[in-house]
1. Using a Cα-Cα cut-off of under 26 Å, which lysines could be cross-linked to Lys408, ignoring same-chain neighbours fewer than 8 residues away?
2. Report the label-to-label distance for Met715 and Lys423 in nanometres (one decimal), using points 7 Å from each Cα along the Cα→Cβ vector.
3. Need one word for the range 386-494: rounded, prolate or oblate. Basis is the Cα gyration tensor (sqrt eigenvalues a ≥ b ≥ c); a/c below 1.5 gives rounded, then a/b vs b/c decides.
4. Among the GluC sites (Glu not before Pro) in the range 26-107, which ones are in a DSSP loop with at most 14 other Cβ atoms within 10 Å of the Cβ? Mind listing them?
5. Could you tell me which trypsin sites (Lys or Arg not before Pro) in the range 343-421 are loop residues by DSSP with no more than 12 other beta carbons within 10 angstrom of their beta carbon?
6. Among 904-916, 499-511, what's the highest-first ranking by average C-beta atoms within 10 angstrom per residue?
7. With r defined as the distance between the Cβ atoms of Lys300 and Arg482 and R0 fixed at 51 Å, what FRET efficiency is calculated, to the nearest 0.05?
8. Rounded, prolate or oblate: which fits the range 492-578 when a ≥ b ≥ c are the square roots of the eigenvalues of the alpha-carbon gyration tensor, with rounded for a/c under 1.5 and prolate only if a/b beats b/c?
Amino acid sequence: MFDFFYKRHYTLYALIAIFFMMGIVGLVSLPKNLFPDSNPPEVVVITSVPGATAQVAANTVSKPIEQEVSRLSLVSDVSSVNVANYSIVKVTFTYEKALNGAAVDVANALSIAKAKLPSNAQPAIYTVGAFTLPVDVIALSPKNDNIDLADIRKIAESFIKPALLSNEAIGNVEVFGGYQSAIDIGVDPFKAKRYGVNFETISKSISALNRDMPIGFIKGDNDFYTLTFYGEKDNVEKLKQLQIMPNVRLGDIAEVKWSYKKRTSGYIGNGKDAIALAIQRAPNGSVLDVSTAARKEMKKLQAKYPNINFEISDTQRILVEQSNSNMLEALRDAIFYTLLVIMLFLGNLRAVIAAGVSIPMVFFASIAIIWLTGGELNIVIYTAIILSLGMLTDDAVVVLENIERHIKEDKVDLKTAIAKGTKEVVQPVFAGTLATIAILFPLMFIGGFPEKIFRPLIETLIVALIVSYFLSMTFIPILSERLYKNGTQRTKFEHWVGKIYPNTIGKFIAPFLAILHFTNGDKFRILRRMVLIGGGVFIMMMSLRNVMPALGRDSMPPMDTGIIKAQVMFSSNDTVDSSEKRLMPVLNWLKKQPWFVMSSVAFGTEPGVLSLGSGNLPTEATITINTVNRFERKETIWQIEEQLREKLSQLEGVKRSDVFDFGATAVSTINAPLVLRLKSPTLDGLAPYSHKVKDAMREIPGLTSLSTSWDKDFMEVELDIDENKALSYGLTPYQIAMQLPLKGQVIGLNSNLASMNAQFIRLYLKGKFSQDIETLKLLPISTKYGEIPLSALASIKKHLTYSKIERDQMQYSLDVNGYRAKQAITHLTDDATKILQEKKLDNVEIVQAGSIVAIQDSFQRMIKALGLGLVILLLTLMAIYKSLKLAVIMILVMPLAMTGAVWSMLFFDKPMCLPSMLGILLLFGIVIKNAVLFIDFYQEYKAEGDSPFESALETMRVRYRPIMMTTFGTMAGMLPIALEQAVGLERLSPLADVSIGGLLTFTVLIYVPMFAYIFDTKKEKEG
């Protein structure tokens, strides 16, 4: 490779230029997001079951669908959330399953399950991932009295949404916020009875207008069901004239007016009642590109609809822009720190220039390859490039130093020195690069969450290492021709800087040489070696035993993204309107805070909307608050959360107020950091048992809030028909029910405006009958003996029922959720485990279902990757050096670096987590690279006739500075990551913390020289 490109300079220049230009294109055009999409493939089946209670939805819809989808291959979990009118079944697959394939499988299973579903059930399939989260939420509110929210909803669905979707950059748009426009038909029961008209007759008359609309049921306020029909606003007068019976028009017995559906959902954007437009990206789409496109369209729409106020109430853009900008700044700082270390160690501007030129080449070449392979830019990618800085500059410096050595010592011409100097280090540099890749490589194929989140990092790191090796063997030799064309003389500045190293770090070689002499003393030589090795092993084991439990374990550390989430719930018996009013004091308080940027509040659930409020009850709100980024505010996000938590707890009628940071769990399929899940084949008993578990969990330190996922707290009105009385009047219970407007149905579609979406016409009881249960008892029922009040045939009573029901793995389930600030997950789960042991509930199983599930699976995979990496590394080194002994020597030192890694986590206050384990793998890679270069020089001195001990001493003297430079250069490059100089880097900083701490143990300089000579086959007397 060296000879080929050294003779073809312009070929190399062209190749570099091509990758450089592609890198620039990639940097500009690649999708930019915060993190890779780490969620497992998930498919959601949302079924509209108008009129169904939560229990009816669970039994008649969720169960049949769950049974069918559970039989699919690679399904890891099947769960459901059931609320009035809706069944939401979530099917989670393992990471091996492609998202599109998962959707096809669920669609096939659903086609089988449909035969078992109620005739009015309307299921729809949706794929879910990081792309479901809104890129931007646009809040639409009235600017003046010329327009109201019902009108805005209609305009949003009919005109604004299509306009946004016409932009190819936007993946999807969801409209949310209630106020679905409709024509309300308020039937006066007395007038209807006077004309001999019942509700069935009205339904048939309207359905005759259009028979294409499917039948359905919708539950309204006060436990009534509504009859619905689609139509346009200009059809109100036509409907009033509709012939119900001869000489009887609809207007004679009912009030027909333009209105909107009784609200079971609502939206508040930046403290104002609004209609929300959730802008979503396509899978693998760019947050910034989609946001830019949406905001461009929004400006056009603002001009077109001057009566509507357009505001951004939630966004990922600020976070992603801030993070990407911070990461580029961190990369800049890492380059500066690394070059500064090289200058301080070498006092050689040529080395700084060589490293300084190679770094941007490696950066843009890596970006070019990511662009060619269809990747994206995010924190993980930038982190990989920053991590590689220390190692890639080492390659360039090793080649340059060796060339300079030949020029000075051999007194040969420049081209000869370049050829000899480069070829001599080809093998050790290649071996070091290959060894680093070998230990990291298995992590790309371990599956599960670790592979999903870390594979882009490992791929980028490997690409950077390969590019670095290529440039050090091709471009650096060509560059050295220009750098050394006037000789090796140094400037006064270089001589001045060159004095820093020998007077500082250079002096510390003496202790390492002394340690090496200590292991080879005349007396008690074996004992001395045993003390050094045993002492190192003892300190490592004690550190692992005592420090690690104190650290605790986590999947990913908490991060301050500047986004706060809250889940607030009021009484299930309240309305959306009353709940919104109760929340307003907190929203008004928010706007006065200096750290506040914007807020988004979604109440309830709407069919087909996944990004806002999915699975919420009408009185349950999901709040998203964007704050100023952590570099520009005094408080941490956890301090702000505590303030918000206190304010929410003071609200009237609040039943639940969970406040947590965005990204509180590693994947969105996990509901909370700590989840104790109660499971039972039967529904009864779960709710009361959950309160006992919740009370017991209050004793767990570190939890900020506790809540149950559902309860038996919804007031329902039950109509108990006396069958004997009914039969005595010649009626069956069914005939009585048919005379009540409690079973509305969608019966027609009548739309003349092609540009407008159709909307419901809804049938209600007029006046007091729709507002008061007691007056409903007076509703006249027709019998063959005349009219009698409903109370003569049935009793109407209230009782508590379930507002929401959840199921998991074919059983009923109820979660007790616990949220934390920064406490390690295992500390919480250890305390929870004690509670599980103490709580023995009849016929109820309690399992941990929070972050600990992902932690246990991920740690097992990471340990397997570590073990497999060590095996591959051993085989690789054995193949390169044709010696098992040398391979073992180099590997033996790696575990001893764990001592520094453990203490650094304690110093930086970080738990043992997945980034920490990746940091250990990376640490091993750096250690082995230094060990490889040390052993290679050791073998050279042995070949020249030196004794094993003298070879070890001479190698220490020669390799001390390069190893220390690589160590400090790598640490300098990692410093921006360890200091968390970018928003979101809190998640990955343990990677740098572990590597820095492990490198500071200097195990290569302490143990590799000793192992090298004591395991040498030639046993000579050394003294």
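The values are calculated or read from the model by the stated rules, or taken from the named source; none is laboratory data. Since the model is a prediction, treat every value here as computed from it, not as a measurement. Don't worry about glycine lacking a Cβ; one is built from the backbone with ideal geometry, like all the others, and counts go over all protein chains shown. What goes into the accessible areas is simple: the full protein's heavy atoms, side chains included, and nothing from ligands, DNA or RNA. Shrake-Rupley method; radii C 1.70, N 1.55, O 1.52, S 1.80 Å.
1. Within the straight-line limit of under 26 Å, Lys408 reaches these lysines: Lys7, Lys420, Lys423, Lys485, Lys492, Lys499, Lys507, Lys942.
2. 9.3
3. prolate
4. Sites meeting the loop and neighbour criteria: Glu96.
5. Answer in residue order: Lys411.
6. Ranking, from highest mean packing down: 904-916, 499-511.
7. The value I calculate is 0.40.
8. It comes out oblate by the Cα gyration axes.
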